[in-house]
Amino acid sequence: MATAAEAPATTAEGPTQHVPNQPTRFTPYQLRMLHGGINGNRVRNLRGMSHLEAWDVRRQLIRIFGFGGFDVETLSLDLVSERETKTGERSRWTIVYRAQVRLIIKDTHGRTIAHFDDGAAGDAVNQPSIGDAHDLAMKTAFSQALKRCAVNLGDQFGLSLYNDGSQDAVVNFSAAHPPQEWKAQSAPPVPEPNDPPVRPEPGAEEAQPDAPRPASTATGPEPGPAPAHLDRLMVQVRDCWNNPLALSQIKGDAEQHQVLDHGVQGPPPTCEWMPFRTLIDRRFAELKQASEDRNAERNAS
């Protein structure tokens, strides 16, 4: 009698590997956890986007598949960009890496059930140390790639968050694992941990492209942490980046709250540190120049 052999397969979710014609190797309790909706305390919101922290994804992998129940392999790691910006005698570094990662899931006997490949880019912007910049960019790329691999495991790893940030389970049913396979248990299931809200890893805030960043950790021209009100103003600046009237009102608000001279980080590609008033004034000048250029083009035609 012929025996089943491992055969790779490619699905819409990415490459997987499985052994056909064998019974499931997930335990009933593993399947029950995988079918459940995500605990809202695990979900973070960054600038209107719901996401999971990479350390929490690893924690959930350990909880469901066990210590040694999964492997993470680095398929490739490439330096995309290394840029130095000088301000006087001070150098700042912006580094970008791209990582390709494979997540391998195993059963409780150590046999491979599936693997998922995915990649991501990660950056470290305006860092004072080139070594720290490389380290942070690599870490960010690896973390993002791992999260993208893990989302193929369903709601416990953030799949439902793609549904407009919903925390309600979206998988609910799998024909390969019908309810009688994982709901029929001889004893009540062990209660799952009730964790406090997940906090971000230090220095792990994701980049916001094409707009200024909030300044809550900035140490720009004025030393010390920026007031919380300035963070809110920076979000408004990002949303009104092309609206000179709104920017003028934001500048007036900043003057009223005495934060015009606090340091903030400007937009890419330079991500230069500067006083908040300089950021706004430069944007006024850019918008004015763009308007004059458009008028000149109309007059020329």
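The values are calculated or read from the model by the stated rules, or taken from the named source; none is laboratory data. A quick note: this is a predicted structure, and the numbers were derived from the prediction, not measured. Every residue, glycine as well, gets a Cβ built from its backbone with ideal geometry; the counts of neighbours run over all protein chains shown. Areas reflect the complete protein model, heavy atoms only, side chains present, ligands, DNA and RNA absent. Shrake-Rupley method; radii C 1.70, N 1.55, O 1.52, S 1.80 Å.
Within segment 257-278, if we keep just the residues that are hydrophobic (A, V, I, L, M, F, W, C) and in contact with a helix residue (DSSP H, G or I) (Cβ under 7 Å, 6 or more places away or on another chain), the residue that is modelled with the lowest pLDDT turns out to be VAL264. For segment 242-268, the set of residues classified as without any contact (Cβ under 8 Å) to a residue 24 or more places away in the chain and closer than 25 Å to VAL125 by Cα consists of LEU260 only.
There is at least one residue in segment 51-58 that is surrounded by 15 or more Cβ atoms within 10 Å (Cβ to Cβ), touching a Gly at 6+ places or on another chain (Cβ under 8 Å) and modelled with pLDDT of 90 or more. Taking the criterion of being open to solvent by 60 Å² or more (accessible area, probe 1.4 Å) and among the acidic types (Asp, Glu), the residues of segment 237-271 that qualify are ASP239, GLU255, ASP261.
Screening segment 137-182 for residues that are of a type in the set (S, T, N, Q) and more than 20 Å from the chain's Cα centre (by Cα) and picking the one that is farthest from HIS51 (Cα to Cα) gives GLN180. Residues of segment 81-135 being within 30 Å of GLY68 (Cβ to Cβ), polar (S, T, N, Q) and more than 19 Å from the chain's Cα centre (by Cα), which ones? Listed by number, the residues that qualify are THR108, THR112. Within segment 30-49, being open to solvent by 40 Å² or more (accessible area, probe 1.4 Å), modelled with pLDDT of 85 or more and either farther than 29 Å from TRP182 by Cα or assigned to a helix (DSSP H, G or I) (or both) holds for ARG32, ASN41, ARG44.
Among the residues of segment 50-77, those that are closer than 30 Å to GLN180 by Cβ and not charged (D, E, K, R) comprise VAL57, GLN60, LEU61, ILE62, ILE64, PHE65, GLY66, PHE67, GLY68, GLY69, PHE70. For the residues ALA254, ALA218, ALA285, ALA290, the requirement of being touching a strand residue (DSSP E or B) at 6+ places or on another chain (Cβ under 7 Å) and either modelled with pLDDT under 80 or in a helix (DSSP H, G or I) (or both) singles out ALA218. The strands (runs of 3 or more DSSP E) found entirely in segment 62-149 that carry 3 or more residues being open to solvent by 30 Å² or more (accessible area, probe 1.4 Å) and touching an Asp or Glu at 6+ places or on another chain (Cβ under 6 Å) are 90-106. Screening segment 150-181 for residues that are assigned to a helix (DSSP H, G or I) and of a type in the set (Phe, Trp, Tyr) and picking the one that is least open to solvent (accessible area, probe 1.4 Å) gives PHE157.
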